[in-house]
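Visitor: What follows is a structure written as structure tokens; I'll ask about it next.
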Amino acid sequence: MSVPSEEDSSMEKPAMDLEIRSLCLDQFSSSIYMFEKNHLVPSYIESSMQAALWLSGDQVDAVLQSFNMTTQEPSLHVYDLSGRVRSSLNKISWEGVRLQLDNSLATTQGSLELNSKGTMEAGIRMDPLDFSDITGLMPDLKLYGQPRISFAFWGDSSKYKMKANMRHAKQSIQVKGELTGIYAVPKYTSQLVVDGLDVGYWTRDSSLNSHVSGYLQLKGVGLDVRQNEMELEGRFEELVYGNYNFQQLNIKSTKYKGDLKGQLMMLASFGNVDLNYRLGDVFGQPKYYVKAQYHHLNLQHIPGIDAIYTSLNGDISVSGSGLALDSLMADVIVHSNNSKFLDYPIDDFKIQAEYRRGYYRFTGLNFETPYFSLSAQGNGHWSKNNHINFGFEARDISPLLTEFKLPGIDFKGAMEGLVEGKIDDLKAQVSMVLHHAKYDTLQVGASNGHLRVNRDGKEYQGELTLKSTNLNYLQYKLDTIDLKADFSDEQINTQLNLSVNDSLTASFQGLLENYENPLLWIKQLSFDYKGSKWNSKQDSTYIVFDPKDIEVHQFNLMSGTQSIGVDGVFSFEGTNDLTINMKDIDLRQIPLQDFLSQQISGRMSSLTFLIGTALKPIIKNHLSLEEFYINHYAVDHMTSHLIYEDELLTHQGVVSNKTGSPMHFSLNIPMHLSFNDSIYLLKDSPLFLASLVLDSLDLNALHQIYPLEEIEMQGYLSTRINASNTINDPLINGHLLLSNGLLENDVFGVYYKDIGMDATINQNLITLNSMAVRTNKKGTLDMNGFIKLGKKLYEDSSSVHIELMANNFQALKSDRVDMNINGNMKMSGSTVYPLLTGLITVNRSRINADYFNHFFSQKSDDPNPPLLMTAMEGVEDSLDLSDSILVDPLVSSSLMFKNLRGKVEFKIPSNTWVRGKTMNFELNGSLQFIKSSEDVDIVGNIKVKKGSYKMYGRNFNIKEGELIFTGGKELNPYVDFIVLHKFRDVEKELRTLQIHITGRMLQPEMEFVLDDEAIDEKDAIAYIVFKKSADHLSAGQKKTVFGGEEWAMGIVLDQLSFVVKESLKQTTGLDVIEISGEDNWKTSNVTLGKYITNKLYLSYEQAFILDKKTKAVNTEKMMLEYEFIRNIVLKATNQNSNSGFDLIFKQKWK
């Protein structure tokens, strides 16, 4: 190979021309597999292209006519990429460059001269740019929307300029800039203008919803950070960002080499802040001064603490030099004045702190509010010697904690403390006195405590004492808790004393080691409950708490002959080996009254073994009870044996007493139990067995266990019942016998005797062979039938057939109700859809209306009741015809009752009386109770044959009456009553008022007739109450009857007068006793009268003044009346000093 000569090397290279008129790539596809996944490299590409290229010497001309591409992982779809690029030795240019994605379109053109002048002109436009088109390439870019973006750059080396815009709807961002002297001393300016920017819109994050409008402007000289000069200025008139709202934000800052200074002024919804700062020698030994003034800072407008209103005013200043702790020199002053916290004034304070190369001192921290006070001061060297005092006093702190979303917490008291020493040998002491502390349902009367902690390097030790008194939690109360503990980084030695009340005290001494897997040594545990002292004195007792198991070693509690022992391992995952032994436990010392209503006593012994694994545990227990009492029922001896193994629970037991044969019971229950699971499951297995054997169990003994108030029960129950197969589908067999039964209740007059029952159970068929109840000499109640239980005990396949027959049966006999009946009833069909039919005839009945009156006191909801009903409102001894009786909703809640259908008829031939102090009438009729749906319809009629009652102190006679029931969910029968009221009016004339009541019971209509003449309701009320028409009533009487503020007082006094009058009549034998009031009882009159003969009447009247302002006139009057004939009356009157005779002639015309 020859080496070219110098002449050859200086020769020009030959020019090369290349022309490619068409370069095509059609449906090219490729799959890419990478060892390390890169989200920018797709796993699959499919593309097509058509281009052309020309080369001629230094000239290049390339045209991309079309290009499209689809990629997967990440996903990108380029619909079209086209354009032209030209280049030469001195210039590069491009034009018509176009990129089309799914929703985005970008175009660009420009040129760049490749010489020292560097002239450039370029522009790009994206209209629009859809961020969703590029999220596959940039998955971390969480932006959304379709903005329009343009960018332009132009100029030469003497001056370059740029301009950029982004717009969308009413949002816009503009950036302008200029750079000069790039080869000498660079100078630059730039400006950012924002209008209506909403960050939340672009991020789809509502917490970043914003509205930003303003500008930032930067000027500078030089590009060397240590030597350049810069000025930054900005102003934002509207700035809302998230939950922060700024009305104005001004920024101004200057930099000259290593010195900076500036200002920040902020007007915001949460207050105003003015900040001034100076930083010197930033790149050497920094010196700084910062001062911030704040005005009306309201924490209520800061997210997260929006419930706390404040108005804070003051300033904070920081000055100093240096950054490292050993060389730092700093002074801090915090000043507060005219501030408020939750609308309460805060005392002015000034906190001063100084730091000098490790030494510090601060004073003046005194924060005073109506809720609490906080104070602190300190001095020393942070690493060599610290001395800090602090104090806290809780005042009315509950409202403050409520504002912090901590309701239900309250306490009062004080806390003070001291921290001193080197940083690696700190000593801290805290004393606390609290009273009236409350947290939810826990209340503590008073607490006193002291904490001391010493830190020596990485180790620490300390002491804690705490005493609390009068603790209450729900229904539980503790007198005192006294805790003493010394601790270190390795162990805690604790002594705890509890005093619950006079009956229970306890104490504990223990040592806790190894905090990761705690080991608790029980040095001493004792408690005294109702005089019984329990102690555990073994020093070798400990408990190990491991995440997988708990180990208890030789734990024993003893009290005389009583003892409780626990020893072994209880495992959550592995093998169990645990023994629990209880001997001779006195049940009276266990507070079972908190859970049971019965009084329990006796002595219990129990031995329990837990072995096996946590997944398949084995449990064995033997339990015995001696001298066992439930209330007054005595059990001589009870033993039971329980075993759980291989998912089968077996339980057998015997209960024996002196009065009868022993009771035997046994159970085999298939179930799944695992300590790895949070629940246990009963299993539907044919291993299920259950049996119960009773021989002549005295029911009176059961009555002693579960006493029913005012009920006496006697009899003997014998049974032998067996159940087998599965829990969900049991087969039950056995028998049930009851003999010499007795049931008595004196209150309602239940006297049932000679109660006997014979029932057998064969393959879930319960046959009631016989059941008999006797009342009086002849009265009987008999019942027989069967119930066939279905496969699932309660389903449609279950059937029932029960018949009940009553003959002269004295159902009730007391001073409240006396009822004797005949009848028969039958229930048949399925247990889900039974059919009930029957006929009950009431032979005789007496009902005490006074006792049952409160059951009929529900008033109608009619907003406009008749005036007579309004006038009678509140009168307890009235017979309110507007009472409503509704079906008890509790009854309808039963599924059997809901599906029950049928008809039962009640016949009342006669001899049924409703009697009381204010009423006496006889009933007869017939009612049918029909159930064809979920509701009960009552159809029939009840007649009132004769009777009387008293209402509002007046006698009323029932001339005739009838209630007609027509069914419906609400009982609202038709009524048709004629009621008579006979009285003597103010002129002693005998009058008869007839009230005719018709219509529905809840919406009655009334007609009033006085001596065969129709009158209106107001007159009827006036005659009933005052024995005269409404036109003759005084103003006070009208106010009493037709309304007024003192209406209730009038009612009370009227009723009181009625009670007094009735009592006096019965004791004195007088015919007339009237106690009346005028002007709502401000004046009252007492009239005593006696008919000496049918025509001769003697009366005495005395007036009383109850109102001291009313003048007494004519307070005493005596009258003698003699009726010669019906129309002529002679009246003699003696009133105070006045006497006289009147001859009265009376005649009425209609």
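Visitor: Of the conditions (1) in a strand (DSSP E or B); (2) in contact with a helix residue (DSSP H, G or I) (Cβ under 7 Å, 6 or more places away or on another chain), I308 satisfies every one except a single condition; which number is it?
Guide: So the condition that I308 fails would be (1).
Visitor: Right, something else. Since L464 meets every condition but one in (1) closer than 24 Å to M432 by Cβ; (2) surrounded by fewer than 17 Cβ atoms within 10 Å (Cβ to Cβ); (3) not polar (S, T, N, Q), which condition does it not meet?
Guide: Only one criterion in (1) closer than 24 Å to M432 by Cβ; (2) surrounded by fewer than 17 Cβ atoms within 10 Å (Cβ to Cβ); (3) not polar (S, T, N, Q) is unmet by L464, namely (2).
Visitor: Working carefully through the options S87, S66, S93, find the one that is free of Cβ contacts under 8 Å to residues at least 60 places away in the same chain, touching a strand residue (DSSP E or B) at 6+ places or on another chain (Cβ under 9 Å), within 20 Å of R125 (Cβ to Cβ) and not hydrophobic (A, V, I, L, M, F, W, C). Give the derivation first.
Guide: On the way: S87 fails: within 20 Å of R125 (Cβ to Cβ); S66 fails: within 20 Å of R125 (Cβ to Cβ).
Within the list S87, S66, S93, the selection yields S93.
Visitor: Would you confirm whether any residue within the stretch 300-313 is farther than 26 Å from F246 by Cβ and at pLDDT below 90?
Guide: Here is the first cut: in the stretch 300-313, the ones farther than 26 Å from F246 by Cβ are none.
There is no residue in the stretch 300-313 that is farther than 26 Å from F246 by Cβ and at pLDDT below 90.
Visitor: Still on this structure, I have one more. How many residues are among the hydroxyl-bearing types (S, T, Y) and out of contact with any Phe, Trp or Tyr (no Cβ under 8 Å at 6 or more places or on another chain) when one looks only at the stretch 565-591?
Guide: If we filter the stretch 565-591 for residues that are among the hydroxyl-bearing types (S, T, Y), which is where we start, we get 571, 575, 579.
Subsequent filtering for residues that are out of contact with any Phe, Trp or Tyr (no Cβ under 8 Å at 6 or more places or on another chain) retains 575.
Qualifying residue count, the stretch 565-591: 1.
Visitor: If I ask for residues that are surrounded by 15 or more Cβ atoms within 10 Å (Cβ to Cβ) and within 46 Å of the chain's Cα centre (by Cα), which ones from the stretch 214-242 would you list?
Guide: E238, L239, V240, Y241, listed by residue number.
Visitor: Of all residues in the stretch 691-713 being buried (at least 16 other Cβ atoms within 10 Å of the Cβ) and either in a strand (DSSP E or B) or of a type in the set (A, V, I, L, M) (or both), which is modelled with the lowest pLDDT?
Guide: Looking at residues that are buried (at least 16 other Cβ atoms within 10 Å of the Cβ) and either in a strand (DSSP E or B) or of a type in the set (A, V, I, L, M) (or both), I get A701.
Visitor: Could you give me the residue pairs with C-beta distances under 6 Å whose first residue belongs to the stretch 141-166 and is within 22 Å of V185 (Cβ to Cβ), whose second residue is at pLDDT below 95 and part of a loop (DSSP other than H, G, I, E, B) wherever it lies, and which are 6+ apart or on separate chains?
Guide: D156/K117; D156/G118; D156/T119; S157/K117; S157/G118; S157/I182
Visitor: Right, something else. Can you name the residue in the stretch 554-569 that is of a type outside the set (S, T, N, Q) and surrounded by fewer than 17 Cβ atoms within 10 Å (Cβ to Cβ) and, of all such residues, is farthest from D528 (Cα to Cα)?
Guide: Of the stretch 554-569, the ones of a type outside the set (S, T, N, Q) are 555, 557-558, 560, 564-569.
Still in the running and surrounded by fewer than 17 Cβ atoms within 10 Å (Cβ to Cβ): 558, 560, 567.
On the way: M558: 11, G560: 12, D567: 23 Å.
For the stretch 554-569, the residue satisfying everything is D567.
Visitor: Shifting gears a bit: What are the pairs, 6+ residues apart or on separate chains, where a residue within the stretch 436-454 that is under 22 Å from L406 (Cβ atoms) has its Cβ under 8 Å from a residue that is crowded, with 17+ Cβ neighbours inside 10 Å and of a type in the set (S, T, Y)?
Guide: Between residues of the stretch 436-454 that are under 22 Å from L406 (Cβ atoms) and residues that are crowded, with 17+ Cβ neighbours inside 10 Å and of a type in the set (S, T, Y), the close pairs are A437/S447; V444/S468; G445/S468; A446/S468; S447/S468.
Visitor: Only strands (runs of 3 or more DSSP E) wholly contained in the stretch 569-676 count here; list those with 1 or more residues that are touching a residue at least 60 places away in the same chain (Cβ under 8 Å).
Guide: Working: elements: 577-586, 600-612, 617-630, 633-645, 648-657, 660-672.
Passing ranges, in order: 617-630, 633-645.
Visitor: Another one. Looking at (1) under 28 Å from I32 (Cβ atoms); (2) modelled with pLDDT of 90 or more, can you tell me which one S111 breaks?
Guide: (1)
Visitor: Related question: Could you tell me which of the residues K484, K548, K537, K533 is surrounded by fewer than 17 Cβ atoms within 10 Å (Cβ to Cβ) and closer than 23 Å to T469 by Cβ? Walk me through it before giving the result.
Guide: Details: K548 fails: closer than 23 Å to T469 by Cβ; K537 fails: closer than 23 Å to T469 by Cβ; K533 fails: closer than 23 Å to T469 by Cβ.
So the residue among K484, K548, K537, K533 that is surrounded by fewer than 17 Cβ atoms within 10 Å (Cβ to Cβ) and closer than 23 Å to T469 by Cβ is K484.
Visitor: Could you check the stretch 187-245 and list, in sequence order, the residues that are hydroxyl-bearing (S, T, Y) and within 30 Å of S157 (Cα to Cα)? Give the derivation first.
Guide: Residues of the stretch 187-245 that are hydroxyl-bearing (S, T, Y), as a first pass: 188-190, 201, 203, 206-207, 210, 213, 215, 241, 244.
Answer for the stretch 187-245, where residues must be hydroxyl-bearing (S, T, Y) and within 30 Å of S157 (Cα to Cα): Y188, T189, S190, Y215.
Visitor: Residues that are under 27 Å from S157 (Cβ atoms), at least 3 per element: which strands (runs of 3 or more DSSP E) completely within the stretch 44-127 meet that? Quick ask: steps written out before the conclusion?
Guide: Values: elements: 44-56, 59-72, 76-78, 80-87, 91-100, 105-113, 120-126.
Ranges flagged: 80-87, 91-100, 105-113, 120-126.
Visitor: Go through the stretch 11-43 and report how many residues are farther than 24 Å from S75 by Cβ and either part of a strand (DSSP E or B) or hydrophobic (A, V, I, L, M, F, W, C) (or both).
Guide: As a first pass, look at the stretch 11-43 and keep what is farther than 24 Å from S75 by Cβ: 11-24.
Restricting the remaining residues to those that are either part of a strand (DSSP E or B) or hydrophobic (A, V, I, L, M, F, W, C) (or both) gives 11, 15-24.
Number of matching residues: 11.
Visitor: Could you go through the stretch 809-818 and let me know if any residue there is of a type outside the set (A, V, I, L, M, F, W, C), modelled with pLDDT under 80 and not in a strand (DSSP E or B).
Guide: First, the residues of the stretch 809-818 that are of a type outside the set (A, V, I, L, M, F, W, C): 810, 813-816, 818.
Among the residues that remain, those that are also modelled with pLDDT under 80 are: none.
The answer is no, given that none of the residues of the stretch 809-818 is of a type outside the set (A, V, I, L, M, F, W, C), modelled with pLDDT under 80 and not in a strand (DSSP E or B).
Visitor: From the set of residues in the stretch 773-797 that are hydroxyl-bearing (S, T, Y) and modelled with pLDDT of 80 or more, which is farthest from T726 (Cα to Cα)? Reasoning before the result, please.
Guide: So the first thing to find is which residues in the stretch 773-797 are hydroxyl-bearing (S, T, Y), and the list is 775, 780, 794, 797.
Remaining after also requiring modelled with pLDDT of 80 or more: 775, 780.
Details: T775: 43, T780: 41 Å.
Applying the filter and picking the extreme gives T775.
Visitor: Then there is this: Is it the case that some residue within the stretch 354-374 is part of a loop (DSSP other than H, G, I, E, B), touching an Asp or Glu at 6+ places or on another chain (Cβ under 7 Å) and among the hydroxyl-bearing types (S, T, Y)? First the steps, then the outcome.
Guide: Within the stretch 354-374, the subset part of a loop (DSSP other than H, G, I, E, B) is 357-358, 369-371.
After this cut, where a residue has to be touching an Asp or Glu at 6+ places or on another chain (Cβ under 7 Å) as well, the list is 357-358, 370-371.
Filter once more, keeping what is among the hydroxyl-bearing types (S, T, Y): 371.
Within the stretch 354-374, one or more residues are part of a loop (DSSP other than H, G, I, E, B), touching an Asp or Glu at 6+ places or on another chain (Cβ under 7 Å) and among the hydroxyl-bearing types (S, T, Y).
Visitor: Turning to a different aspect of this structure: Identify the residue in the stretch 379-398 that is exposed (fewer than 14 other Cβ atoms within 10 Å of the Cβ) and more than 22 Å from S431 (Cα to Cα) and, among all such residues, is nearest to the chain's Cα centre (by Cα).
Guide: Ranking the candidates gives W382 first.
Visitor: Kindly indicate whether V750 is at pLDDT below 90 and surrounded by fewer than 18 Cβ atoms within 10 Å (Cβ to Cβ). Give the derivation first.
Guide: Values: at pLDDT below 90: yes; surrounded by fewer than 18 Cβ atoms within 10 Å (Cβ to Cβ): no.
In short, no.
Visitor: Any idea which of (1) surrounded by fewer than 16 Cβ atoms within 10 Å (Cβ to Cβ); (2) small (G, A, S); (3) at pLDDT 90 or above is the one S674 doesn't satisfy?
Guide: (3)
Visitor: Another question, if that's okay. Take the conditions of a type outside the set (D, E, K, R), in contact with a Gly (Cβ under 6 Å, 6 or more places away or on another chain) and within 24 Å of F1026 (Cα to Cα) and apply them to I942. Does it pass?
Guide: Details: of a type outside the set (D, E, K, R): yes; in contact with a Gly (Cβ under 6 Å, 6 or more places away or on another chain): yes; within 24 Å of F1026 (Cα to Cα): no.
No, not satisfied.
Visitor: Also: Looking for whichever is under 29 Å from R361 (Cβ atoms) and either under 42 Å from the mean Cα position of the chain (by Cα) or β-branched (V, I, T) (or both) here; the options are N313, N245, N272, N276. Which one fits? Give the derivation first.
Guide: Working: N245 fails: under 29 Å from R361 (Cβ atoms); N272 fails: under 29 Å from R361 (Cβ atoms); N276 fails: either under 42 Å from the mean Cα position of the chain (by Cα) or β-branched (V, I, T) (or both).
Checking each option against the conditions leaves just N313.
Visitor: Let me ask you something else. Which pairs have Cβ atoms under 6 Å, sit 6 or more apart or on different chains, and link a residue in the stretch 831-844 that is within 19 Å of E922 (Cα to Cα) to one that is modelled with pLDDT under 90 and of a type in the set (F, W, Y)?
Guide: Filtered contacts from the stretch 831-844: I840/F906.
The values are calculated or read from the model by the stated rules, or taken from the named source; none is laboratory data. On a predicted model such as this, the values are computed, not experimentally measured, just so you know. FYI the Cβ positions are ideal-geometry reconstructions off the backbone, even for glycines, and counts take in every protein chain you see.
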